[in-house]
1. With (1) aliphatic (A, V, I, L, M); (2) touching a residue at least 24 places away in the same chain (Cβ under 8 Å); (3) open to solvent by 50 Å² or more (accessible area, probe 1.4 Å) as the list, and Ala43 as the residue in question, which single condition is left unmet?
2. Would you confirm whether or not segment 31-38 contains a residue that is open to solvent by 70 Å² or more (accessible area, probe 1.4 Å) and in a helix (DSSP H, G or I)?
3. I'd like to verify a number: residues in segment 49-72 that are open to solvent by 80 Å² or more (accessible area, probe 1.4 Å) and of a type in the set (D, E, K, R), how many?
4. With the condition kept exactly as written, say whether any residue in segment 4-26 is in contact (Cβ under 8 Å) with a residue 24 or more places away in the chain, of a type outside the set (Lys, Arg), open to solvent by 100 Å² or more (accessible area, probe 1.4 Å) and in a loop (DSSP other than H, G, I, E, B).
5. Tell me, which residue of segment 77-102 that is open to solvent by 100 Å² or more (accessible area, probe 1.4 Å) and touching a residue at least 12 places away in the same chain (Cβ under 8 Å) is nearest to Pro55 (Cα to Cα)?
6. Looking at Arg83, Arg78, Arg62, Arg102, which one is charged (D, E, K, R) and assigned to a helix (DSSP H, G or I)?
Amino acid sequence: AALERVNLIARAAPPAPRAVRTADGTLVRALHDEPGCPALLAAVARDVVDLLTDPAARGCLRQCEGDNCPIIYLDTSRGRRRRWCSSEVCGNRERVARHRRRAALARA
């Protein structure tokens, strides 16, 4: 059912890009109009379709190893050895817990 929903949303027209010349003459990408919610969701859904149908990219999907963290992320690290969705949040919690365990063992 979730896959059908993604496919349905992906059919909507995504925001249309266009090339715009800046004051210094360089070309930059801009959106033709302000996108509405359906257009933004369509762009995200198309990215999901690309991710799920690319075996190499799909192989980089990982589940966070943090306690009780349900987040699935795309591991784009150089060695593909990333363990947490966020080093600052889940990774830090794990490091603090490990430190407290070592400190408790040292006190015992």
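The values are calculated or read from the model by the stated rules, or taken from the named source; none is laboratory data. Because the structure is a prediction, the values reported are computed rather than measured. Cβ atoms come from the backbone with ideal geometry, glycine included; neighbour counts cover every protein chain shown. Surface areas here come from the heavy atoms of the whole protein model, side chains and all, with no ligands, DNA or RNA. Shrake-Rupley method; radii C 1.70, N 1.55, O 1.52, S 1.80 Å.
1. Looking at each condition in turn, Ala43 falls short on (3).
2. Step one: of segment 31-38, the residues open to solvent by 70 Å² or more (accessible area, probe 1.4 Å) are 31-34, 37-38.
When the remaining residues are screened for being in a helix (DSSP H, G or I), the result is 37-38.
Yes, some residue in segment 31-38 is open to solvent by 70 Å² or more (accessible area, probe 1.4 Å) and in a helix (DSSP H, G or I).
3. 4
4. No, segment 4-26 contains no residue that is in contact (Cβ under 8 Å) with a residue 24 or more places away in the chain, of a type outside the set (Lys, Arg), open to solvent by 100 Å² or more (accessible area, probe 1.4 Å) and in a loop (DSSP other than H, G, I, E, B).
5. Taking segment 77-102 as the starting set, the residues that turn out to be open to solvent by 100 Å² or more (accessible area, probe 1.4 Å) are 78, 80-81, 88, 93, 99-102.
Add one more test, that the residue is touching a residue at least 12 places away in the same chain (Cβ under 8 Å), and what stays is 80, 93.
Details: Arg80: 15, Arg93: 32 Å.
By that ranking, first place goes to Arg80.
6. On the way: Arg83 fails: assigned to a helix (DSSP H, G or I); Arg78 fails: assigned to a helix (DSSP H, G or I); Arg62 fails: assigned to a helix (DSSP H, G or I).
Step by step, each of Arg83, Arg78, Arg62, Arg102 is checked, and only Arg102 is charged (D, E, K, R) and assigned to a helix (DSSP H, G or I).
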